[in-house]
1. Of the residues in segment 36-70, how many are within 23 Å of Gly12 (Cβ to Cβ), of a type outside the set (Phe, Trp, Tyr) and touching a residue at least 12 places away in the same chain (Cβ under 8 Å)?
2. Return yes when Ser305 is in a helix (DSSP H, G or I) and either surrounded by 17 or more Cβ atoms within 10 Å (Cβ to Cβ) or assigned by TED's automatic domain parsing to the domain that holds Gly244 (or both) and no when it is not.
3. Working only within segment 288-339, note down all residues that are closer than 17 Å to Ile7 by Cβ and of a type in the set (Asp, Glu).
4. Out of the residues in segment 269-302 that are within 14 Å of Ser15 (Cα to Cα) and basic (Lys, Arg), state the one that is surrounded by the fewest Cβ atoms within 10 Å (Cβ to Cβ).
5. Could you tell me whether any residue of segment 168-178 is among the hydrophobic types (A, V, I, L, M, F, W, C), surrounded by 24 or more Cβ atoms within 10 Å (Cβ to Cβ) and either at negative phi or in contact (Cβ under 8 Å) with a residue 40 or more places away in the chain (or both)?
6. For segment 333-357, give me the residue count where each residue is at pLDDT below 85 and over 25 Å from Ala101 (Cα atoms).
7. Show the residue pairs that are 6+ apart or on different chains and have beta-carbon atoms under 8 Å apart, the first residue being within segment 357-381 and on the phi > 0 side of the Ramachandran plot and touching a residue at least 12 places away in the same chain (Cβ under 8 Å), the second being in a helix (DSSP H, G or I) and crowded, with 20+ Cβ neighbours inside 10 Å.
8. Name the one entry in Thr121, Thr115, Thr76 that is assigned by TED's automatic domain parsing to the domain that holds Met313, among the β-branched types (Val, Ile, Thr) and surrounded by fewer than 23 Cβ atoms within 10 Å (Cβ to Cβ).
Amino acid sequence: MLKKVGILANGGDVSGFNAVIRAIVKTAENHGVECYGIIDGYNGLLNKRFELLSTAADGEALGILPLGGSIIGSSTNANLFNYKVVNEDGSIEYKDLSDIAVQNIKDFGFDCIFTLGGDGTQKSARDLSTKGVNIIGVPKTIDNDVACTEITFGYNTAVSVATEALDRLHTTGATHHRIMVLEVMGRYAGWIALESAIAGGADVALIPEIPYDINKVAEKINNRRKRGKNFSVVVVAEGAKPLGGEITIKGTRHNGSGVDNTKLGGIGEKVAKQLQELTGLEARNTTLGYVQRGGTPTSFDRVLSTKYGTKAMELALDGKFGTLAVIKNGKLDSATLEEVVGKNTKIGAVSGNTEESNLRRVTMDDDLVKTARYIGINLGD
C-alpha cells in the first residue's frame, strides 16, 4: 500500500511540469498518499532535499496549473551513475553515486518515485529500477522524441510558440522581400520544425531525419519569385544537416559521459547565408531558443499534463512500477521502462544521438511528412 511518494523533474524545463505535479498531488491526496517534491531533479536524491507538497490553502502545489517552469526545480546534468564530483583541489571525477540515492530513498520511506523527464531522465529511471527502486515515468520534452508514446507534455506549447514566431516573420518577410529563417529546437528530431512549419505556413522545413540539399531549397525559393512571391519562410530544426554533412555544433558541455554533452545550434545562420548567396534575396535568421521552453502552457498541454499525472498515480496505486505513462492510439496507457530504453541497456549509458538510443524520430510515412509534401512545403530533398 502506498503511503509516501516522491516527484522529481529532470532535464530542460518545459511548460506543463507544474500541471503534472499538481495532478499527481491531487490524485495522491484523494487516496491518502503523501507527496514530496525532490528538489532539483536527481541531485535532490543525493542531497536529501525533499519538500512536502499539498494543494491545501497554504500548500506549495496550490494554483500552479498555469505556471511555467517547475516549482521543484530541475537538473540537466545529473546522471547518478556517472555523477560529476568536484574535489577540494578542483579536480573533477565522475562517480557512480546511485547506491547513495537508493539508500536515501529507502531511509525516507518513499514507496515510489515519479520521474518527469525525457529520454535521458527515463534511461536513468530504468537504471535505478534495476536496483529495486519503484519508479513511474512521465514523458516530458519539447522535442517529442520519447519512445513508446505519441506525444510528450511541453511539446504543444513549444510548437505554438514557434508558430506565433512564424506568423510574425511572415509579415516582415513580405514587407521587405526577404527570406526569413527560423531555427527551432528539437535536438535530433524534427517534430517542432515540421509541425510549426505546417501550422505557420512556411515554405521550407529542414529536419534532422531528411538531410537537405541547399540547392533544392534555393530552387524552391526562386520558383516562388517567378510566381511573384518575393519572400519565403524557412524553418530549420537545430539538428538538421546538409546532404553528406554533419550536424552544426555550438559547443560542448563538460558533465561527464553519462549525459549528452553536445550543444546544438547555428544551422539557421548557415542556411540563411547560403540562401542569400544562391538566390540574391536578403536573408535573416531568427533563433528562437529558450522561449520555446518557458511560460504558460497551452490548454492542450495543461490537459495532457493533467492526464499524464493522474495516469502515473494510477499506475503507482496499482503497483505497476518500472513503467512510463504514455499515449497509445490516442488513449492513456503504459509501457515498460525496458521498452522505452530499447537496446540502450548499459547501466549509466547516455541517451541521445547514439546508435543504441531509442528516440522517437520523424518517419517518412508520418502524416506530418505527407501533409507537408502535399501542400508544397519543401523538405530539402
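The values are calculated or read from the model by the stated rules, or taken from the named source; none is laboratory data. Not measured: the values here are computed from a predicted model. When we count neighbours, we look across all protein chains shown, and the Cβ atoms used for this are built from the backbone with ideal geometry, even at glycine.
1. Adding up the residues that qualify gives 20.
2. Numbers: in a helix (DSSP H, G or I): yes; either surrounded by 17 or more Cβ atoms within 10 Å (Cβ to Cβ) or assigned by TED's automatic domain parsing to the domain that holds Gly244 (or both): yes.
It is true that Ser305 is in a helix (DSSP H, G or I) and either surrounded by 17 or more Cβ atoms within 10 Å (Cβ to Cβ) or assigned by TED's automatic domain parsing to the domain that holds Gly244 (or both).
3. Glu314, the sole residue that qualifies.
4. If we filter segment 269-302 for residues that are within 14 Å of Ser15 (Cα to Cα), which is where we start, we get 290-302.
Then drop every residue that is not basic (Lys, Arg), which leaves 293, 302.
Values: Arg293: 20, Arg302: 23.
Result: Arg293.
5. Of the residues in segment 168-178, the ones among the hydrophobic types (A, V, I, L, M, F, W, C) are 169, 174.
Imposing the further condition that a residue be surrounded by 24 or more Cβ atoms within 10 Å (Cβ to Cβ) reduces the set to none.
No.
6. Selection size over segment 333-357: 4.
7. Within 8 Å, the pairs are Gly380/Val217.
8. Values: Thr121 fails: surrounded by fewer than 23 Cβ atoms within 10 Å (Cβ to Cβ); Thr115 fails: surrounded by fewer than 23 Cβ atoms within 10 Å (Cβ to Cβ).
Testing whether each residue is assigned by TED's automatic domain parsing to the domain that holds Met313, among the β-branched types (Val, Ile, Thr) and surrounded by fewer than 23 Cβ atoms within 10 Å (Cβ to Cβ) leaves just Thr76.
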